[in-house]
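Asks: Following this message is one structure expressed as structure tokens.
The values are calculated or read from the model by the stated rules, or taken from the named source; none is laboratory data. These figures come from a predicted structure and were not determined experimentally. Positions of Cβ are generated from backbone atoms using ideal geometry, with glycine treated the same way; all protein chains shown enter the neighbour counts.
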Amino acid sequence: MFDNLSNRLDGIVKRLRGKGRLTEADVDEIMKEIRAALLEADVNVTVVRSVCNRIREHAIGATRSQALDPGQQVVKAVNDELVRILGGETLTVQYASKPPTVILMAGLQGSGKTTATGKLALWFKSQGRQPLLVGADLQRPAAVEQLRTLGRQVDVPVYSDPEDPILTAYEGVEEAKRLGRDVVIVDTAGRLSIDAEMMEQVRLISGAVSPDYTFLVIDAMTGQDAVQTAEAFHETLQIDGVILSKLDGDARGGAALSVKEVIGRPIAFASTGEKLDAFEQFHPDRMASRILG
Ligand code: GDP
């Protein structure tokens, strides 16, 4: 998804090979290429600006470094900056001292939220936990049934009550306590676009269950809309982390990757396919090396 960035960087490294120091003109040229590659990858304009400023500082610093040649130094500066905008560290889940640990899933309809809920349950199982799924998406008629199917596939119980989403969420946590399940993942309703009623509902659900983590599922294919979606959700809910879905698609991806910079919350997990095990913790350093090829 960032082929152009790595191609352009290869070109820069080749051109700068053997050069002792970078001139101001070299730096200008390099920055022009990096800026163009990031914009082509659909990275948010404001993010591009701040990223480029920081890379420029490091690239100019390269003139003073002896250890690496200037080309390598530029690649290192870009790599470090990518790791930084991607979130730095991998998010470690801190389990509640008094179980269950409650996870709230938020996101637009079609973002891959319900799928990610099932995948997350499987991931928690792989960590030795015993999750319970809660179907509080009563908006989309098939959502609870979809969650039950996922629950069967990953062998995790599903709680839902067709009467009321807020009550369902609350009772779901109580059910987990009764059954001795130590993680509860609450799937909530989304809409095709942000609307006040959906936001109010998810806010009330959040109030009813006091989640330890609120994850926002963002479809990597949605381009710049991803940034606006994240901002809108983050205004209403305290988002703790983003789950980036459909990373297997041919999205340019830059917009979704700008989310961390815009809302200041890390990408926690990446969903990379329709299969339930196509899901992993997000590692900024690995992603940065993948981007740079
Ligand atoms: P929700 O409305 O947000 O709950 O979205 P769903 O979980 O129902 O997902 C919407 C569609 O996207 C479904 O057809 C899923 O199979 C598909 N989907 C979800 N996650 C991924 C993913 O990581 N990669 C791909 N290729 N498809 C996905």
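Asks: When region 174-206 is examined, which residues are found to be touching a Ser or Thr at 6+ places or on another chain (Cβ under 9 Å), outside any loop (DSSP other than H, G, I, E, B) and aliphatic (A, V, I, L, M)? Walk me through it before giving the result.
Replies: Going residue by residue through region 174-206, those that are touching a Ser or Thr at 6+ places or on another chain (Cβ under 9 Å) are 182-188, 190, 193-194, 198-203, 205-206.
The next check asks that each one be outside any loop (DSSP other than H, G, I, E, B); those that pass are 183-188, 198-203, 205-206.
Result: Val183, Val184, Ile185, Val186, Met198, Met199, Val202, Ile205.
Asks: Can you find a residue in region 212-220 that is touching a Ser or Thr at 6+ places or on another chain (Cβ under 8 Å), charged (D, E, K, R) and within 16 Å of the ligand (Cβ to nearest atom)?
Replies: Yes, some residue in region 212-220 is touching a Ser or Thr at 6+ places or on another chain (Cβ under 8 Å), charged (D, E, K, R) and within 16 Å of the ligand (Cβ to nearest atom).
Asks: If you don't mind, there's one more thing I want to ask. Which residues, taken from region 185-195, are of a type in the set (A, V, I, L, M, F, W, C) and at pLDDT 90 or above?
Replies: Within region 185-195, the subset of a type in the set (A, V, I, L, M, F, W, C) is 185-186, 189, 192, 194.
Selection gives Ile185, Val186, Ala189.
Asks: Within region 97-134, can you find the residues that are free of Cβ contacts under 8 Å to residues at least 40 places away in the same chain and either in contact with a strand residue (DSSP E or B) (Cβ under 9 Å, 6 or more places away or on another chain) or not hydroxyl-bearing (Ser, Thr, Tyr) (or both)?
Replies: Initially, region 97-134 is screened for residues free of Cβ contacts under 8 Å to residues at least 40 places away in the same chain, giving 97-98, 125-128.
Result: Lys98, Lys125, Gln127, Gly128.
Asks: Go through region 159-192 and give me each residue that's under 20 Å from the mean Cα position of the chain (by Cα) and either closer than 16 Å to Arg140 by Cβ or among the charged types (D, E, K, R) (or both).
Replies: Scanning region 159-192 gives Val186, Asp187, Thr188, Ala189, Gly190, Arg191, Leu192.
Asks: Right, next: Looking at Ile34, Ile55 in this structure, which one is free of Cβ contacts under 8 Å to residues at least 40 places away in the same chain and buried (at least 20 other Cβ atoms within 10 Å of the Cβ)?
Replies: Numbers: Ile34 fails: free of Cβ contacts under 8 Å to residues at least 40 places away in the same chain.
Being free of Cβ contacts under 8 Å to residues at least 40 places away in the same chain and buried (at least 20 other Cβ atoms within 10 Å of the Cβ) holds for just one of Ile34, Ile55, which is Ile55.
Asks: Then there is this: Restricting region 107-124 to residues that are closer than 17 Å to Arg140 by Cα and more than 6 Å from the ligand (Cβ to nearest atom), which is modelled with the lowest pLDDT?
Replies: Filtering region 107-124 for residues closer than 17 Å to Arg140 by Cα gives 107-118.
Of the ones still in play, those that are also more than 6 Å from the ligand (Cβ to nearest atom) are 108, 116-118.
Details: Leu108: 94, Ala116: 97, Thr117: 98, Gly118: 97.
Out of the qualifying residues, it is Leu108.
Asks: Ok, one more. Out of the residues in region 125-154 that are of a type in the set (Gly, Ala, Ser), away from the ligand (no atom under 12 Å from the Cβ) and surrounded by fewer than 17 Cβ atoms within 10 Å (Cβ to Cβ), state the one that is nearest to Glu274 (Cα to Cα).
Replies: For region 125-154, the residue satisfying everything is Ser126.
Asks: While we're looking at this one, here's another question. Can you find a residue that is farther than 30 Å from Val48 by Cα, crowded, with 21+ Cβ neighbours inside 10 Å and of a type in the set (Gly, Ala, Ser) anywhere in region 92-99?
Replies: no
Asks: Could you say whether any residue in region 245-261 is of a type outside the set (Ser, Thr, Tyr) and free of Cβ contacts under 8 Å to residues at least 24 places away in the same chain?
Replies: We begin by selecting, within region 245-261, every residue of a type outside the set (Ser, Thr, Tyr); these are 246-257, 259-261.
Right, trim to free of Cβ contacts under 8 Å to residues at least 24 places away in the same chain and you get none.
So far as region 245-261 goes, no, none of its residues is of a type outside the set (Ser, Thr, Tyr) and free of Cβ contacts under 8 Å to residues at least 24 places away in the same chain.
Asks: Still on this structure, I have one more. Could you pull out the residue among Val184, Val262 that is under 17 Å from Ile85 (Cβ atoms), away from the ligand (no atom under 16 Å from the Cβ) and not charged (D, E, K, R)? Show your work before the answer.
Replies: Values: Val184 fails: under 17 Å from Ile85 (Cβ atoms).
Answer to the selection: Val262.
Asks: Check region 220-236 and report whether any residue there is touching a Lys or Arg at 6+ places or on another chain (Cβ under 9 Å) and of a type in the set (D, E, K, R).
Replies: Among the residues of region 220-236, not one is touching a Lys or Arg at 6+ places or on another chain (Cβ under 9 Å) and of a type in the set (D, E, K, R), which makes the answer no.
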